[in-house]
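Structure record follows, encoded as structure tokens.
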Amino acid sequence: MQKLVLAALAIALGLGFFFVAGQPFGKKENPTLSLAEPLCGQFNPSDIDFSVLNDIRDIIMQYSVFYAKNRPDQAQVLNRSLPVIFGTFGVPEEEIPAWAWDMVKEASRKGIEADFAVIQRIYERLRDDPEYQQLPAYNRLNSPTFARQFFDSAITGIVKRGLVDPFAAYMDPEAYQSGDDMVSGKYSGVGIRHDVRENKFIVTKVFPGEPAEKAGVRPGDELLAVDGKFVAGCSSRAFGMKVRGKPGTAVVLRVRRMNGGEEDIKIIRDTIRTPSVLSCPGVFLPQDRGKSDKDLAIDCPLLGKKGEQIKDIAYVKVKIFSAEMPKDLMAVLFGLDPKKYKGIIIDLRGNPGGSVRALGEALDYFFEDIVFKTTEYYNGAKEELRHERYNIAVDASLIVLVGPDPNETGPQNNSYSAAEAFAGIMQDLRRAVIIGEQRTGGKGTTNLEIPIRDGKSGALYLAIGLWYTPSGRSVQGEDLDGDGYEDTGGITPDIVVRWSDEDYAKRNQDATWDPILQRAIDEFAR
């Protein structure tokens, strides 16, 4: 149990992948793409081992806090998963074949342990029965890529719909065995963020000053190939793992520009420590990583409504609760000297969460000895989060910003997990005023990556505990009406600021205009 607690990470889904690069070796123009070998290889449907679903069943029963809390029977979990599976190929719940429901019912009769591998028998009948091969919805089942999607959707249906664990996720063997260093704050790769749009890998961000930018990679570029192998058929994560590599090694990216031209770009990978904390005024970060105001998306010094400089309010942007974050935050707070300022604005907008350890250390800077939160685990054990080492800013006036980051986009753009815990604790203990445009994301769980068959079959990212703020609140969202959207949960700001039409118009003229930040400045000015 202790190992599980120490390893537990509360990270929200939807994090993008970051890759950092070294110096470019140069570029080579290529008018057309002519590649035959796939980057991720061909997937053979016979490689799918549906018996893994029974291992997942056992992991759920042993570790899931939602299973321990709600005790759904195994038949219920299987039944809830079917609409997700069939929904993968566009079949609505009312059109799911009756025999599929019957097979699930037979596999989960009372008095026996449900056989989750029944999903394989459903898949094989759909794949092999001529009646279904003629229907448009099912004629892709012989496709290797779609076979994998069917298997993955079964896992998603079991853990998300069956358990009602909204942030649960399955990691395939390649992704799990590659290791995940997102929470460490260290990244090795080529310095880009990408997204998959209509099966195309599109560069959404190129990090300023990093070698990918120096090599000529641009936002909007379509990534066609890695080291001469085309990327079609890769999952987003598998693609990311192929781009990553040891510092000092080379990787060649084939890109298609927005004007249709193609070229190869050769880059040397490198490792950097991504700043997890930005600030205004800027201070020097540890390990010679430059100043903390380097990549700010706001005016620094802060500006008032009339454009006047605001020098008596400090601004601190916490991007993620990574392993590096407490050191960065300490450096910023010591460098700023909170006593010199009327107040500090702590911006957690768009923060996906991070590690429990980082959360505890960060809170410790603003409080004297106190129990911050309590976590209740799947087995009934309870753990208190308490720190008392550093009292750097215990007297500083604080405002905390939560919700979507106006400089980011995407469905997961909100404050989640550790960011919600930070804001909720500040709110409960009346330590800060919380300002935002909406309630936070509603992830009130402690999660753990649990390997399946020693990692050879991947891993489950599963909620193993629910945490509560000092007042006993859980921020975990719940879908009360079954429409797929959470009706409860999250942290509701003390002051809600909605974007008006006037605000959007100002934003179009001035990319730094931010009504939520402006309201925080106004609050300190009172």
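Please treat every number below as a calculation from the coordinates, not as lab data. Since we're looking at a predicted model, the values are computed, not measured. Glycine gets a Cβ as well: all are built from the backbone with ideal geometry, and neighbour counts include every protein chain shown.
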Among (i) 23.8; (ii) 28.9; (iii) 25.0, find the value of Kirkwood radius over Cα pairs in Å that was calculated from the structure presented, and write down its label. (iii)
Estimated distance in nm for a label pair at Glu368 and Lys342, the labels positioned 7 Å out from Cα along Cα-to-Cβ: 2.8 nm
Could you sort 342-348, 295-301 so that the peptide with the highest average Cβ count within 10 Å comes first and the rest follow in order? 342-348, 295-301
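Of the cross-linked pairs Lys205/Lys291; Lys266/Lys317; Lys69/Lys373; Lys291/Lys443, which ones have a Cα-Cα span greater than 24 Å in the structure shown?
Table pairs above 24 Å Cα-Cα are Lys266/Lys317; Lys291/Lys443.
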Hey, if you put +1 on the Cβ of every Lys and Arg and -1 on every Asp and Glu Cβ in the chain, which of Ile464, Asn414, Ile265 ends up farthest toward the positive end of that dipole? Ile265
With a Förster distance of 41 angstrom and the Cβ-Cβ distance between Glu308 and Gln287, calculated FRET efficiency to the nearest 0.05 equals 0.70
Less than 18 Å apart at the alpha-carbon level, and either on another chain or at least 8 residues along: which aspartates and glutamates does that give for Lys200? Glu37, Asp221, Glu222, Asp227, Glu262, Glu263, Asp264
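So between Ala117 and Gln76, what do we pick up on full extension, going 0.36 nm a residue minus the alpha carbon distance? Each step should come with its number before you reach the end.
Values: separation 41, 0.36 × 41 = 14.76 nm, distance 1.51 nm.
Extending this stretch completely gives an extra 13.2 nm.
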Assigned charges on the beta-carbon of Lys, Arg, Asp, Glu; the chain dipole about Cα centre (debye): 1200 debye
Only helices at least 27 Å long along their axis, Cα-based, and averaging -0.5 or more on Kyte-Doolittle count here, so list those DSSP H runs from the chain. none
With each label point set 7 Å from Cα along the Cα-Cβ vector, what nm distance links Ile495 and Lys246? 5.3 nm
Out of Ile48, Ser474, Leu223 - ranked by how far each Cα lies towards the positive end of the dipole of the chain, with unit charges on the beta-carbon of charged residues - the top one is Leu223
If packing is taken as the mean number of other Cβ atoms within 10 Å per residue, what is the order of 441-450, 114-123, highest first? 441-450, 114-123
Determine, from the Cβ-Cβ distance of Gln412 and Asn139 and an R0 of 25 Å, the FRET efficiency 1/(1 + (r/R0)^6), rounded to the nearest 0.05. 0.15
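Among 127-134, 421-428, what's the highest-first ranking by average C-beta atoms within 10 angstrom per residue?
421-428, 127-134
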Structure-based [θ]222 nm, the chain - -39500 (n - 2.57) summed over DSSP H runs of at least 4, per residue, nearest 500: -8000 deg cm²/dmol
For Glu502, project a label point 7 Å along Cα to C-beta. Then give me every residue of region 512-526 with its amide nitrogen under 17 Å of that point. 513-523
Region 335-422: relative contact order as a whole-number percent, Cα under 8 Å and 6+ apart: 45 percent
Relative contact order (%) - criterion: Cα under 8 Å, at least six apart; region: the chain: 17 percent
